[in-house]
């Protein structure tokens with residue numbers, strides 16, 4: 001006689017730790033990105049504040065020569081073991097320190113990151129998979145620096161780095177990853193240059209005026225028309241550019257094409273994804289033409 005087993009006991013879910021990547025050299029910014037202040041305190045302190053109530057422990061990822069830096073020395077640190085492999089060095093060092101933990105990895109240059117984005121990532125965590133990450137609004141690929149890496153990812157990432165493949169995004173593309181859509185377009189925009197810093201600081205300054213709503217008409221063709229279920233849409237939006245507008249629309253409609261596969265026209269003239277939008281504009285997103 002076969003005895004039915006007792007109810008299956010699920011394997012314990014790994015504890016969730018947080019890692020703020022602050023070991024970059026900020027070459028394009030020409031200033032330490034971890035020290036920039038968008039919210040009245042350093043970006044490192046602000047990012048740690050977002051994490052510390054959501055995970056069991058929080059660490060700062062640093063290079064060996066950053067250990068005594070006053071900004072970073074205030075927090076528990078994990079020092080890179082490997083050199084010159086970018087963010088993968090921080091992730092691997094953290095996994096080596098606490099191999100039984102899952103790691104919520106955050107870059108320190110995400111000033112638009114909000115609590116809802118983090119909570120949705122944690123709530124959707126798929127512990128049985130290699131990682132849980134957001135799908136980029138730009139190209140549909142995984143966002144590796146706001147993601148949860150499960151313990152099983154350590155050996156896989158170490159093998160990829162040993163084979164000369166140290167890009168975390170390319171690593172996640174090849175793995176079994178739970179991918180989520182971003183509801184808050186722009187929340188994972190990173191800031192890399194002085195111009196981007198000034199624009200972000202202005203947008204996040206206390207009392208900064210919100211972008212006034214604009215009346216925009218959007219026209220859809222081919223696959224976008226099918227996915228939107230309409231050929232024309234009129235809306236009020238605070239989107240500043242065609243890229244912002246497409247991200248907003250992508251959160252409403254099941255669009256599958258990333259922006260780089262589209263062309264954009266504003267008022268019947270081909271335009272740029274970053275050009276300012278004005279009240280009354282007509283915008284057309286033009287998908288690639290099949291056949292030929």
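The values are calculated or read from the model by the stated rules, or taken from the named source; none is laboratory data. This is a predicted model, so every value here is computed, not measured. Counting neighbours? That spans all protein chains shown, and the Cβs are built from the backbone with ideal geometry, glycine included.
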What number goes with the only condition from (1) surrounded by 13 or more Cβ atoms within 10 Å (Cβ to Cβ); (2) farther than 30 Å from residue 41 by Cβ; (3) touching a residue at least 60 places away in the same chain (Cβ under 8 Å); (4) in contact with a strand residue (DSSP E or B) (Cβ under 8 Å, 6 or more places away or on another chain) that residue 280 does not pass? (1)
Candidates 106, 121, 92, 145, filtered to the one that is over 26 Å from residue 200 (Cα atoms) and modelled with pLDDT of 95 or more: 92
Output the residues belonging to the range 160-173 that are out of contact with any helix residue (DSSP H, G or I) (no Cβ under 6 Å at 6 or more places or on another chain) and farther than 14 Å from residue 130 by Cα. 162, 163, 164, 165, 167
Can you say whether residue 91 is surrounded by 13 or more Cβ atoms within 10 Å (Cβ to Cβ), over 23 Å from residue 180 (Cα atoms) and within 20 Å of the chain's Cα centre (by Cα), as far as the supplied structure shows? no
Check the range 47-57 and report whether any residue there is more than 20 Å from the chain's Cα centre (by Cα) and either under 20 Å from residue 87 (Cα atoms) or part of a helix (DSSP H, G or I) (or both). yes
I'm checking my understanding of the structure. Among residues of the range 263-275 that are surrounded by 11 or more Cβ atoms within 10 Å (Cβ to Cβ) and farther than 10 Å from residue 243 by Cβ, which one is nearest to the chain's Cα centre (by Cα)? 263
Helices (runs of 4 or more DSSP H) lying entirely in the range 72-184 (those with 2 or more residues that are within 27 Å of residue 27 (Cα to Cα)): 87-97, 153-162, 168-173
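Per-residue answers, yes or no, for (1) touching a helix residue (DSSP H, G or I) at 6+ places or on another chain (Cβ under 8 Å); (2) free of Cβ contacts under 8 Å to residues at least 24 places away in the same chain:
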position	(1), (2)
17	yes, no
44	yes, no
49	no, yes
68	no, yes
72	yes, no
84	no, yes
95	yes, no
104	yes, no
121	no, no
